[in-house]
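Reviewing the structure listed below.
The values are calculated or read from the model by the stated rules, or taken from the named source; none is laboratory data. What you are looking at is a predicted structure, and each value in this text was computed from that prediction instead of being measured. In case anyone asks, the SASA skips ligands and DNA or RNA and just uses the protein heavy atoms, side chains included. Shrake-Rupley method; radii C 1.70, N 1.55, O 1.52, S 1.80 Å.
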Amino acid sequence: MDTETVVLGALVLRSKLAREFVASVCSAAGVLYKPRAIREEAKARAEAKVIEAKADIKIAELQYRCQARIEDWELRRQRNIEAVVLGAASIVEGNALRLEGPDASQPEAGEPENRINDDWVHKLFGHCQDVGDTEMQTLWSKILAGEFASPGAFSLRTLNAVGLLSHEEANLFTQYCCFAWRLKGRTVFMRGYGDPSFECFQIRDRQWACVLQSYIDCLNQLQRLENCGLLNPGAFDRPGLAPPPLTASFGDKTVCFTNPTQYGDRLTEVGEELFQICGAVPNMNYLDWFMRDYPGTFVES
């Protein structure tokens, strides 16, 4: 049975005779007709085009949002990088004026010298481009200015470590460095006398404990600084250095130790590099407490 149908206006003609009639007269009469199958196919194509057009619109909208996100992301990164560069430039300018005086502003002949390795700079920008915290940006500016002043001062290992450093961890490091001693070119932290286990260390006077609460807070978080790659807890062993007496500096004071059993911590190479720019101010209350609480120490100057 022939099941093909023809649509003529509102009529659906199924008989073969009717279809022959339509084929015979409609062309001359100007009446629009199509076999139903063709019509359904055309309708399906039209609907497919509508769906495709809507899909294209959605894709275009998605691409727009994606592009907007990328542009916003890159603009933020550019702002962060420029903030670090401007901060470093300010430090360099301040150092030049302080060291050279008015002559620092006089132009020199020839092209400016490129003092920083390009790969190093790109590594630094790769780390600091996602840093929006102003204090951490200042740290990156100090690193960049320090590398400019003394090429090789900051290793790629240090850049990687600072890139993983949180604001709180950076502050903790600076806080602990307020209790640092300089000994034989190294930065060490002396935790007292006797058994070198951390658990035995204590500030015995409650009055001093209140004054040195920040020191106690640091001692409770040494593991965190070790995890950051900045500190080797327990790595400073006084007996292994040299026979007594031992001379070390704390701030602008030189202190002589006569007891050979001091112990404590030492900065890693990364920590040593950051110590120079962390801005820690020696805590003189700590020095007073240390010399008062432990015999065998005296200030030479």
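Which cross-chain or sequence-distant (5 or more) residues have an amide H under 5 Å from the amide H of residue 153, H modelled 1.01 Å from N in plane?
The list, which skips near neighbours in sequence, is empty: none.
Quick check: with the 1.4 Å probe, what order do 51, 81 take by accessible area, largest first?
Result of the area sort, largest leading: 51, 81.
For residue 257, what residues show an amide H to amide H distance below 5 Å, using hydrogens built from the backbone and excluding near sequence neighbours?
Amide H to amide H, under 5 Å and 5 or more residues apart or across chains, residue 257 pairs with 246, 247, 248.
Order 122, 127, most accessible first, counting only protein heavy atoms with a 1.4 angstrom probe.
Ranking 122, 127 by accessible area, largest first, yields 122, 127.
Amide H to amide H, which residues 5 or more places from residue 232 or on other chains are under 5 Å from it, using H placed in the peptide plane?
Amide H to amide H, under 5 Å and 5 or more residues apart or across chains, residue 232 pairs with 266, 267, 268.
State the extension gain, in nm to one decimal, for the chain segment bounded by residue 78 and residue 60, taking 0.36 nm per residue of separation less the distance between their alpha-carbons.
Length difference between fully extended and current span is 3.8 nm.
Residue by residue, what Karplus-based ³J(HN,Hα) values in Hz, rounded to whole numbers, does region 75-83 have, using 6.51, -1.76 and 1.60 with θ = phi - 60° and x for Gly and Pro?
5, 4, 4, 5, 4, 5, 4, 5, 4
Give the cross-link partners of residue 58 among the lysines, using a straight C-alpha distance below 19 Å as the criterion and excluding same-chain residues fewer than 8 apart.
Excluding near neighbours in sequence, the set is 49.
At 1.4 Å probe size, with no ligands or nucleic acids counted, give the accessible surface of residue 266 in Å², nearest ten.
Rounded to the nearest 10, that gives 80 Å².
Given the whole protein assembly as supplied and a 1.4 Å probe, what does the accessible area of residue 71 come to in Å², nearest 10?
100
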